[in-house]
There are 2 protein chains.
Amino acid sequence: MTHTNTNTDQAELLVKTVIHNWNLQNQRLDSLLEQLSDEDLARETAPGRNTGNWLLGHLTAVNDGMLPLLGLRAKLYPWLQLIFIDNSDKSGLEFPSTADLRKFRKEVNAALTEYFNAMQVQDWTDRHQAVTEEDFQKEPHRNKIGMLINRTAHLSYHIGQLIYLIK
Amino acid sequence: MTHTNTNTDQAELLVKTVIHNWNLQNQRLDSLLEQLSDEDLARETAPGRNTGNWLLGHLTAVNDGMLPLLGLRAKLYPWLQLIFIDNSDKSGLEFPSTADLRKFRKEVNAALTEYFNAMQVQDWTDRHQAVTEEDFQKEPHRNKIGMLINRTAHLSYHIGQLIYLIK
């Protein structure tokens with residue numbers, strides 16, 4: 001049996017496929033975080049490299065930043081940016097507890113998921129807030145779905161490091 | 001100025017956005033590989049973890065496998081599978097030289113790029129060869145573009161580890 005999609009179907013399917021992969025990588029991190037104790041997360045992923053806690057905070061801060069960048073709402077935890085994006089693991093700044101970091105991640109991801117479920121194809125192919133209208137005309141791939149694809153890659157990149165906390 | 005896309009445009013734009021990100025991650029790895037000497041690649045990415053050489057071979061073998069999975073052609077280097085997919089870094093199997101591994105990667109990626117440039121939206125939303133027609137009806141996100149998104153995430157995952165070879 002062959003099934004011919006209309007173009008609308010195709011665009012919808014493409015968007016769903018991207019979101020599916022975003023969810024998949026997040027589930028992968030959820031499952032990794034369940035396997036890792038708070039003590040594990042306090043360790044460096046490799047000698048002299050970022051700790052699990054910093055990476056957890058970093059990924060949460062980056063996801064939180066997607067809320068305004070995608071034009072959805074203000075950040076839930078704007079103060080994470082200073083510790084986990086503007087500064088490195090070895091900044092000496094005080095981190096929230098690992099329990100809080102785990103909680104923040106869940107809340108930010110729940111907010112994103114709620115918005116994603118309501119977004120239409122046309123929303124996803126619109127420009128995001130980090131690109132000007134002028135640049136967007138020249139580089140139409142700098143749209144919201146492009147940001148989600150990029151953030152999926154960023155997430156996987158750091159999962160590749162967090163997995164080193166598994167003994 | 002606002003620009004309203006037709007649905008065909010949207011599907012095309014979505015496919016281009018995914019391929020753009022695939023290219024971006026590959027360029028990122030290319031640039032990392034230029035920074036790393038053959039001696040660097042012989043080292044473990046973290047104590048007891050995969051070496052740079054194994055990861056380079058692994059990523060090349062996985063990309064090579066995409067050629068048949070996407071229905072494009074047979075693998076260029078089918079024998080890489082045994083060393084870099086079916087077995088781990090510490091298998092004791094002899095690896096090709098780092099110079100050869102670098103060359104294989106370039107050739108596999110050049111082949112993929114040539115095919116990607118010729119593929120249409122409809123090709124990308126078709127099922128890939130690792131899913132049956134029956135399963136595909138139930139899970140239409142298991143299409144070729146889904147595989148490319150998945151492989152982009154896989155690539156980023158290992159770039160996150162290879163970056164630890166930078167001193």
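The values are calculated or read from the model by the stated rules, or taken from the named source; none is laboratory data. Since the structure is predicted, the reported quantities are computational estimates derived from the model, not experimental observations. Don't worry about glycine lacking a Cβ; one is built from the backbone with ideal geometry, like all the others, and counts go over all protein chains shown. Each accessible area value is taken on the protein alone, full model and side chains, heavy atoms only, with ligands, DNA and RNA left out. Shrake-Rupley method; radii C 1.70, N 1.55, O 1.52, S 1.80 Å.
Some values worked out for this structure:
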{"quantity": "From the options B:45, B:17, B:51, residue that is touching a strand residue (DSSP E or B) at 6+ places or on another chain (Cβ under 6 Å), of a type in the set (Ser, Thr, Tyr) and within 14 Å of chain A (Cβ to nearest Cβ)", "calculated": "B:51"}
{"quantity": "Any chance residue A:28 is open to solvent by 20 Å² or more (accessible area, probe 1.4 Å), touching a strand residue (DSSP E or B) at 6+ places or on another chain (Cβ under 9 Å) and either closer than 27 Å to residue B:146 by Cα or within 14 Å of chain B (Cβ to nearest Cβ) (or both)", "calculated": "no"}
{"quantity": "Enumeration of residues in the stretch A:117-167 that are part of a helix (DSSP H, G or I), facing chain B (nearest Cβ under 10 Å), closer than 24 Å to residue B:27 by Cβ and without any contact (Cβ under 8 Å) to a residue 60 or more places away in the chain", "calculated": "A:136, A:137, A:146, A:150, A:153, A:157, A:160"}
{"quantity": "Candidate set: the stretch A:117-148, residues that are touching a Phe, Trp or Tyr at 6+ places or on another chain (Cβ under 8 Å) and of a type outside the set (D, E, K, R); chosen: the one surrounded by the most Cβ atoms within 10 Å (Cβ to Cβ)", "calculated": "A:145"}
{"quantity": "Considering residues of the stretch B:79-130 that are among the basic types (Lys, Arg) and more than 17 Å from the chain's Cα centre (by Cα) only, the residue nearest to residue B:147 (Cα to Cα)", "calculated": "B:127"}
{"quantity": "Which listed residue is within 20 Å of residue A:160 (Cα to Cα), open to solvent by less than 20 Å² (accessible area, probe 1.4 Å) and without any contact (Cβ under 8 Å) to a residue 60 or more places away in the chain, from A:57, A:48, A:65, A:52", "calculated": "A:57"}
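Here's the yes/no breakdown for (1) farther than 22 Å from residue B:141 by Cα; (2) away from every other protein chain (no Cβ under 14 Å); (3) at pLDDT 95 or above; (4) not in a helix (DSSP H, G or I):
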| position | (1), (2), (3), (4) |
| --- | --- |
| A:10 | no, no, no, no |
| A:63 | yes, yes, yes, no |
| A:67 | yes, yes, yes, no |
| A:91 | yes, yes, yes, yes |
| A:100 | yes, yes, yes, no |
